[in-house]
Structures are given as C-alpha cells and as structure tokens.
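For reference, the structure is listed below as structure tokens.
The values are calculated or read from the model by the stated rules, or taken from the named source; none is laboratory data. What you see is a predicted model; the values in this text were computed from it and never measured.
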Amino acid sequence: MQSRGEDAALLEDTDWTLDLAFLTDITGKRNSLNWELQGKTKGAALPLCADGAERQRFCM
C-alpha cells in the first residue's frame with residue numbers, strides 16, 4: 001500500500017488492528033445469533049407473502 005502512496009498507518013497500528021478484528025468477530029457472532037433467533041419461518045415469510053398462497057398464515 002505504501003508503494004502506491006496510500007496511507008497504511010492504521011494497518012500498522014497493532015491496537016487499531018486488534019480492535020477491528022474484535023469488532024468484526026462480534027458483528028459476525030451477532031448476525032449468526034440474530035438469524036438463529038429469527039428462525040426459519042421468519043426468513044421464508046417474505047417470498048410467501050408476495051405469492052399470496054400463505055398470506056393469511058404469515059402476513060397478518
């Protein structure tokens with residue numbers, strides 16, 4: 001990155017890099033937990049609602 005003239009100071013800062021890794025890990029775990037708590041029917045409800053076949057069951 002430095003050879004192209006871009007600022008690489010943040011990537012060289014160990015504390016900043018560790019904070020970024022921690023934030024990335026926590027965000028991934030939060031997203032996984034969110035999907036797990038929503039369950040399978042929540043994600044499938046939108047296509048069923050657009051179809052109309054299951055509108056009364058899922059889209060009330």
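All but one of (1) part of a helix (DSSP H, G or I); (2) modelled with pLDDT under 85; (3) on the phi < 0 side of the Ramachandran plot hold for Glu6; which doesn't?
Status for Glu6: all satisfied but (1).
Yes or no, residue by residue, for (1) over 14 Å from the mean Cα position of the chain (by Cα); (2) at pLDDT below 75; (3) assigned to a helix (DSSP H, G or I); (4) not charged (D, E, K, R):
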residue: Trp16; (1), (2), (3), (4): yes, no, yes, yes
residue: Leu20; (1), (2), (3), (4): yes, no, yes, yes
residue: Ile26; (1), (2), (3), (4): no, no, yes, yes
residue: Thr41; (1), (2), (3), (4): yes, yes, yes, yes
residue: Ala44; (1), (2), (3), (4): yes, yes, yes, yes
residue: Cys49; (1), (2), (3), (4): yes, yes, yes, yes
residue: Ala53; (1), (2), (3), (4): yes, yes, no, yes
